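Colleague: Below are the structure tokens for one structure; questions will follow.
What follows is calculated from the coordinates using simple rules that are stated; it is not laboratory data. Note that the structure is a prediction, hence the values are computed from the model and not measured. Virtual Cβ from ideal backbone geometry, glycine too; neighbours counted across all protein chains shown.
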Amino acid sequence: MASTVLSQSSFSTLTSTPSPNPKTRIENTLPISVSVKQPLSISRSVVVSTHFKKAHKRFIANSTPSADESSAAETPIELRYPAFPTVMDINQIREILPHRFPFLLVDRVIEYNPGVSAVAIKNVTINDNFFPGHFPERPIMPGVLMVEALAQVGGIVMLQPEVGGSRENFFFAGVDKVRFRKPVIAGDTLVMRMNLVKLQKRFGIAKMEGKAYVGGEVVCEGEFLMAMGS
């Protein structure tokens, strides 16, 4: 604005009617040069465009899959997930537990510390004999059978020669603070952990804690009481 006003003033001075005085006319005809520095301005669209380009480059860099992700995506889904390890198979479990079909609810032991803890799995299938009646329209594993399965894992912990137990004199004596968090349905793999909390050999009582998981989420938990006796 200042530059425009000064330019118009200069133009008006140069084109005004000459003064009768020659000296004044000479002075009025002298060119006037005024330099006004304007602040450097950047168009908003340029700033936005530059910012967008940088953000777009960062997005592309972050969106580029790593080598591990690319290899995982190329691996077929049936090859991505390894099977559970086998510490005890079903034949070894049958040698420890007295249960038989249809009430043997432990398929494999995947971790075992004698007299301390055990982790086992139960593969829940639609062929299990309890599904036709529980329930016909919505097959759900009964909660009492989850408790029984956990108790059987507890039996694997305690029914070992090094612990002093035997399958002839070890019984499920009680359960406390049982909670069922989510339903277990056909197709699930029930992962069960039992830990020995306290063992009173004088009275033949063992207190244990158990949790059952499906997909890493707790579906059942509680405290168990085992008794050794005739």
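Colleague: May I ask you to evaluate 6.51 cos²θ - 1.76 cosθ + 1.60, the Karplus curve with θ = phi - 60°, for each residue of segment 133-145 and list the ³J(HN,Hα) values in order in whole Hz, giving x for glycine and proline?
Modeller: Taking θ as phi minus 60°, the curve returns x, 9, 10, x, 8, 8, x, 10, 5, x, x, 5, 6 Hz for segment 133-145.
Colleague: Filter the cross-link list LYS177/LYS198; LYS182/LYS211; LYS177/LYS201 down to pairs whose alpha-carbon distance in this structure exceeds 21 Å. Working shown, then result.
Modeller: On the way: LYS177/LYS198 17 Å; LYS182/LYS211 12 Å; LYS177/LYS201 24 Å.
Cα-Cα > 21 Å for LYS177/LYS201; rest within.
Colleague: Read phi for every residue in segment 192-205 and hand back ³J(HN,Hα) as whole Hz from Karplus 6.51 cos²θ - 1.76 cosθ + 1.60, θ = phi - 60°, with x for Gly and Pro.
Modeller: For segment 192-205, the Karplus curve yields 10, 10, 10, 10, 7, 9, 8, 10, 10, 5, 4, 9, x, 10 Hz.
Colleague: How far, in nm, would the chain grow between LEU225 and LEU104 when pulled straight, counting 0.36 nm per residue and subtracting the alpha carbon separation?
Modeller: Details: separation 121, 0.36 × 121 = 43.56 nm, distance 1.95 nm.
Contour length minus the Cα-Cα distance gives 41.6 nm.
Colleague: Under a 5 Å amide H to amide H cut-off, with H placed in plane at 1.01 Å, what residues pair with ASP188 once short-range neighbours are removed?
Modeller: So ASP188 has HN proximity to VAL124.
Colleague: In addition: Work out, step by step, the length gained on full extension between ILE140 and ALA73: first 0.36 nm times the residue separation, then minus their alpha carbon distance; give nm to one decimal.
Modeller: On the way: separation 67, 0.36 × 67 = 24.12 nm, distance 3.35 nm.
Additional length available on full extension: 20.8 nm.
Colleague: What nm value, rounded to one decimal, do you get for the distance between VAL116 and ASN91 when each label is placed 7 Å out toward the C-beta?
Modeller: 2.8
Colleague: Also, quick follow-up: Using θ = phi - 60° and the Karplus form 6.51 cos²θ - 1.76 cosθ + 1.60, what ³J(HN,Hα) does each residue of segment 112-125 get, whole Hz, x for Gly and Pro?
Modeller: Result, ordered by residue: 8, 10, x, x, 10, 7, 7, 10, 9, 10, 10, 7, 8, 10 Hz.
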